Amino acid sequence: MLLTLIRGFAGATDGRFYRVSPSFVDSALPPGASVIPRPTFAAWLRAGPLVLINTPNTIWALIAVCMFECVPYDLSRTGPAASAPLSAAFFAARLPLWLGVWLGYTLWWHATLHWFGFAERPFVAAREYRPGRVAHNLVWSVSGVVIWTGFENVFAYLWATGRLAYVDETAWSSRRGALHFCAALLLVPLWRDVHFFFAHRMLHFNALYAQVHSLHHRNTDVEPFSGLCMHPVEHLYYFACALPSLLLLTTPFALLWNGVHLLLSPGASHSGFEDHWQADAYHYFHHRYVSCNYAGTNAGLEERCRPGMRRDLAAEASSAGRP
């Protein structure tokens with residue numbers, strides 16, 4: 001049991017992170033041709049308590065904890081957060097942090113996969129590397145990091161000025177504080193699944209798709225910087241995942257953990273490769289065919305609400321290119 005956990009750490013396969021495909025992949029077939037096992041709603045629910053074990057959430061959670069401990073929020077009455085809901089001083093302190101974490105993580109994926117050849121099974125075999133497309137994705141992604149920092153500033157302002165109650169991190173040593181912390185660790189990834197499916201499906205209604213979400217779908221052959229490449233209106237939908245922190249008494253860590261998940265998880269899921277530890281063929285099919293696979297990798301919820309996921313590249317979708 002312990003050896004299995006170690007060999008599957010953070011989503012690894014047999015202890016390897018690159019040049020190894022998920023267990024369902026038949027390496028004798030072309031990339032994308034292996035049939036993804038059909039997800040079920042029951043399996044999605046059963047996996048909930050294990051969401052931090054043997055999944056990429058392990059890495060993202062460690063990053064969130066390090067950020068929270070090493071660069072904590074200043075929620076004092078005299079701190080930058082208390083000055084205004086959108087404060088230049090707050091942005092000066094937090095925006096470089098978020099840009100550094102997001103860029104470092106996403107650039108790692110882009111470089112290892114597209115420059116250094118750590119993976120060998122691209123979904124598009126004759127891929128043409130286009131620097132202009134990467135620059136386009138980078139610009140729109142940076143706008144998303146700025147918008148997220150604005151969300152964070154609003155929450156920090158509400159906490160610092162006493163307008164919104166929260167559980168201080170110094171209370172973590174108490175039973176109540178520890179429960180808040182553990183609940184945030186476990187529930188944020190599950191809530192992300194729920195929010196992403198419904199918000200994403202809404203963006204595929206014709207008007208929103210044509211005016212907003214189509215920018216994200218300019219990337220039919222995805223790469224890591226395409227993950228956060230969105231219209232600013234879509235970023236508002238996307239980062240609205242953090243709004244339950246307005247309704248629930250929780251720790252600021254829950255917001256930061258949500259932000260780390262929102263900013264980092266799209267990078268590897270838009271890698272364009274099948275053989276690495278965070279590969280996501282399910283979402284690649286969505287970019288290729290558009291009108292399918294609206295959920296994230298954990299698609300059991302979608303199968304319950306909207307059966308009929310695309311599970312391989314065996315046949316071209318007749319509705320390819322439509323919302």
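The values are calculated or read from the model by the stated rules, or taken from the named source; none is laboratory data. No experiment lies behind these values; they were computed from the predicted model shown. When we count neighbours, we look across all protein chains shown, and the Cβ atoms used for this are built from the backbone with ideal geometry, even at glycine.
Going residue by residue through the range 143-154, is there one that turns out to be among the acidic types (Asp, Glu) and surrounded by 17 or more Cβ atoms within 10 Å (Cβ to Cβ)? Step through it out loud before you land on a result.
Of the residues in the range 143-154, the ones among the acidic types (Asp, Glu) are 152.
Retained after the next criterion (residues that are surrounded by 17 or more Cβ atoms within 10 Å (Cβ to Cβ)): 152.
Within the range 143-154, one or more residues are among the acidic types (Asp, Glu) and surrounded by 17 or more Cβ atoms within 10 Å (Cβ to Cβ).
From the list Phe196, Phe181, the lone residue that is within 19 Å of Ala295 (Cβ to Cβ) and either out of contact with any Cys (no Cβ under 6 Å at 6 or more places or on another chain) or surrounded by fewer than 20 Cβ atoms within 10 Å (Cβ to Cβ) (or both) is Phe196. A Cβ distance below 7 Å, combined with a sequence gap of six or more or placement on separate chains, defines the contacts here; from the range 231-255, residues that are within 11 Å of Trp148 (Cβ to Cβ) reach residues that are of a type in the set (A, V, I, L, M, F, W, C) and outside any helix (DSSP H, G or I) in the pairs Tyr238/Met230. Does Leu264 fit the bill of being modelled with pLDDT of 90 or more and closer than 20 Å to Leu62 by Cβ? Considered against the rule, which asks whether it is modelled with pLDDT of 90 or more and closer than 20 Å to Leu62 by Cβ, Leu264 comes out as yes.
Are there helices (runs of 4 or more DSSP H) fully within the range 14-127 with at least 3 residues that are within 23 Å of Arg288 (Cβ to Cβ) and touching a helix residue (DSSP H, G or I) at 6+ places or on another chain (Cβ under 8 Å)? List them. Quick ask: steps written out before the conclusion?
Details: elements: 41-47, 57-70, 88-110.
Passing ranges, in order: 88-110.
Kindly indicate which of Val154, Val146, Val167, Val194 is of a type in the set (A, V, I, L, M, F, W, C) and in contact with a Pro (Cβ under 7 Å, 6 or more places away or on another chain). Let's see the steps before the verdict.
On the way: Val146 fails: in contact with a Pro (Cβ under 7 Å, 6 or more places away or on another chain); Val167 fails: in contact with a Pro (Cβ under 7 Å, 6 or more places away or on another chain); Val194 fails: in contact with a Pro (Cβ under 7 Å, 6 or more places away or on another chain).
Just one listed residue meets the conditions, Val154.
Tell me the residue from Arg121, Arg77, Arg94 that is among the basic types (Lys, Arg), surrounded by 16 or more Cβ atoms within 10 Å (Cβ to Cβ), closer than 26 Å to His180 by Cα and at pLDDT 90 or above, please.
Numbers: Arg121 fails: closer than 26 Å to His180 by Cα; Arg77 fails: surrounded by 16 or more Cβ atoms within 10 Å (Cβ to Cβ).
None of the other options fit; the residue is Arg94.
Does Pro85 satisfy the criteria of being surrounded by fewer than 19 Cβ atoms within 10 Å (Cβ to Cβ) and touching a Lys or Arg at 6+ places or on another chain (Cβ under 9 Å)? Don't jump to the end; show me each part of the working.
Values: surrounded by fewer than 19 Cβ atoms within 10 Å (Cβ to Cβ): yes; touching a Lys or Arg at 6+ places or on another chain (Cβ under 9 Å): no.
It is false that Pro85 is surrounded by fewer than 19 Cβ atoms within 10 Å (Cβ to Cβ) and touching a Lys or Arg at 6+ places or on another chain (Cβ under 9 Å).
Residues are listed down the side, and each one gets a yes or a no for (1) surrounded by 20 or more Cβ atoms within 10 Å (Cβ to Cβ); (2) of a type in the set (Val, Ile, Thr); (3) modelled with pLDDT under 85; (4) in a loop (DSSP other than H, G, I, E, B):
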position: His283; (1), (2), (3), (4): yes, no, no, no
position: Leu301; (1), (2), (3), (4): yes, no, yes, no
position: Met309; (1), (2), (3), (4): no, no, yes, yes
position: Ala320; (1), (2), (3), (4): no, no, yes, yes
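Pick out, from the range 168-242, the helices (runs of 4 or more DSSP H) lying fully within it that include 1 or more residues that are among the hydroxyl-bearing types (Ser, Thr, Tyr).
Working: elements: 175-203, 206-211, 232-239.
Those helices (runs of 4 or more DSSP H) span 206-211, 232-239.
Is it the case that Leu158 is within 18 Å of Pro80 (Cα to Cα) and surrounded by fewer than 18 Cβ atoms within 10 Å (Cβ to Cβ)? Judged against the criteria, Leu158 is not a match.
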